[in-house]
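Written out below as structure tokens is the structure these notes cover.
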Amino acid sequence: MDNKNTIIGIGIDVSKAKLDISLMKAEGENIHFTVENNENGIKKIIKRVKGYKKKMVMESTGRYHLLSALMLSEAGFDVRVVNPIVSSKYMKAGIRKNKTDKIDAHGLAEMSVIGRDLPKPFKTNPLSVHIRQKIGLIASMETQVQTLKAIYNNYKEFQGKIKIELSQAEDEIIDAIESLSDAKNKLEKEIEILISEQNKDNSKHQVLISVPGISPYVASLILQFFNEDYNKSAKQWIAYAGMDISVKESGTWKGRGRTSKRGNAYLRKRLFSAAWGATMHNDEFKKYYNELKEKGRRHVEALMIIARKLIRIAFVLLNKNQFFNNELCFII
């Protein structure tokens, strides 16, 4: 058994099948062990480091880190889930270029001790994890449905050009695609209900859907992804969605700023669609879009600017618990 008082940091490298754990000790020794990435394996970690009070660091790896982060957090550990981009930069700063799961776990353990600006402790519940998983499923389905539709339509168009009628089996393909699309829409409704149940106070949802372009589903996504501390800055929300601008410059040279795209891709896509909806159905947003176009902004660029404005508006209105107003919101 390890003396918990001598452990100063813990790093956990996550993969689909296993977890590599590095225990950094005050004496300079590093202990490494592995467990299966399942409930029994995580219980072994909990038993081995029971009583440990300092930070544990692991990478966000799709859905594979969620079970361990959830169970360790519920067991009372201070779990910090870091963006892989951040941890990769930290570990690449070292002289050695070796990369193994064991080395990665050790690097994460070092981050738990000396890393700056680590995320807040992982705090969630099974329902939130379930909602995130469902959102991920919808995002994947949406991409696949769009791809299948494009393939089918191209195929159908070409068959028409060569005067060949589609067979019954080929006709049934579009029915299957539409069935998938219907299932995706039903999942979106389920998410709205789940998030509504999770947020008993429905006023925030009503505030959000008062904003042009923000549908009930997009409002639910905002409440789910931006559910921590509405007193954070709107800039942090924009960065989380990957809509912030990354600037490259050196000396007198300045590169062109680009959207970072380091946030949640599905959330960004939905907010972009909300911007288009606002432009189509609200005179003030349409006017703003046209002004941006007149200044030389491209279509996508203009909508991205409007999407960022929607985030700022949502942030302010939620903090003030106030409904959308054209005059007020266009000075934000």
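One residue is enough: does the stretch 316-325 have a residue meeting the conditions surrounded by 17 or more Cβ atoms within 10 Å (Cβ to Cβ) and over 18 Å from Pro216 (Cα atoms)? Please lay out each step first, then the result.
So in the stretch 316-325, the residues surrounded by 17 or more Cβ atoms within 10 Å (Cβ to Cβ) come out as 317-318, 324.
Next, from what is left, pick out any that are over 18 Å from Pro216 (Cα atoms): none.
No, the stretch 316-325 contains no residue that is surrounded by 17 or more Cβ atoms within 10 Å (Cβ to Cβ) and over 18 Å from Pro216 (Cα atoms).
Listed here are the residues, each with its yes/no results for (1) outside any helix (DSSP H, G or I); (2) among the charged types (D, E, K, R); (3) farther than 26 Å from Phe226 by Cα.
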residue: Thr279; (1), (2), (3): no, no, no
residue: Lys287; (1), (2), (3): no, yes, yes
residue: Asn290; (1), (2), (3): no, no, yes
residue: Glu301; (1), (2), (3): no, yes, no
residue: Met304; (1), (2), (3): no, no, no
residue: Ala307; (1), (2), (3): no, no, no
residue: Ile311; (1), (2), (3): no, no, no
All positions within the stretch 301-332 that are touching a residue at least 12 places away in the same chain (Cβ under 8 Å), β-branched (Val, Ile, Thr) and out of contact with any Gly (no Cβ under 9 Å at 6 or more places or on another chain): Ile305, Ile311, Ile313, Val316, Ile332
Only one of Ala150, Ala139, Ala183 that is assigned to a helix (DSSP H, G or I), surrounded by 12 or more Cβ atoms within 10 Å (Cβ to Cβ) and modelled with pLDDT of 95 or more: Ala183
Residue pairs meeting the criteria (Cβ under 7 Å; at least 6 apart or on separate chains; first more than 17 Å from Asn325 (Cα to Cα), in the stretch 273-293; second surrounded by fewer than 14 Cβ atoms within 10 Å (Cβ to Cβ) and charged (D, E, K, R)): none
Residue that is modelled with the highest pLDDT, among those in the stretch 72-89 that are surrounded by 18 or more Cβ atoms within 10 Å (Cβ to Cβ) and of a type in the set (Ser, Thr, Tyr): Ser73
Single unsatisfied condition, Leu208 versus (1) assigned to a helix (DSSP H, G or I); (2) under 15 Å from Leu310 (Cα atoms); (3) within 17 Å of the chain's Cα centre (by Cα); (4) of a type outside the set (S, T, N, Q): (3)
Condition broken by Gly213, with the remaining ones in (1) of a type outside the set (A, V, I, L, M, F, W, C); (2) outside the structural domain of Leu318 (by TED's automatic domain parsing); (3) within 27 Å of Met280 (Cα to Cα); (4) not in a helix (DSSP H, G or I) satisfied: (2)
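Of all residues being touching a strand residue (DSSP E or B) at 6+ places or on another chain (Cβ under 9 Å) and charged (D, E, K, R) in the stretch 92-122, which is modelled with the lowest pLDDT? Just the residue, please.
Of everything passing the filter in the stretch 92-122, Asp101 is modelled with the lowest pLDDT.
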Per-region count, the stretch 21-51, residues at pLDDT 95 or above, outside any helix (DSSP H, G or I) and among the charged types (D, E, K, R): 1
Pairs, first at pLDDT below 80 in the stretch 222-248, second in a helix (DSSP H, G or I) and of a type in the set (Ser, Thr, Tyr), C-beta under 9 Å, six or more apart: Asn227/Ser128
Selection within the stretch 16-42 - among the hydrophobic types (A, V, I, L, M, F, W, C) and either within 17 Å of Met56 (Cα to Cα) or out of contact with any Asp or Glu (no Cβ under 8 Å at 6 or more places or on another chain) (or both): Leu19, Ile21, Leu23, Met24, Ala26, Ile31, Phe33, Val35, Ile42
Pair list, Cβ under 8 Å, 6 or more apart: the stretch 99-124 residue among the polar types (S, T, N, Q), other residue surrounded by fewer than 16 Cβ atoms within 10 Å (Cβ to Cβ): Ser112/Lys54; Ser112/Leu118
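The values are calculated or read from the model by the stated rules, or taken from the named source; none is laboratory data. If you're wondering where the values come from, they're calculated on a predicted model, not measured in any experiment. Glycine also receives a Cβ, built like all others from the backbone with ideal geometry; neighbour counts cover every protein chain displayed.
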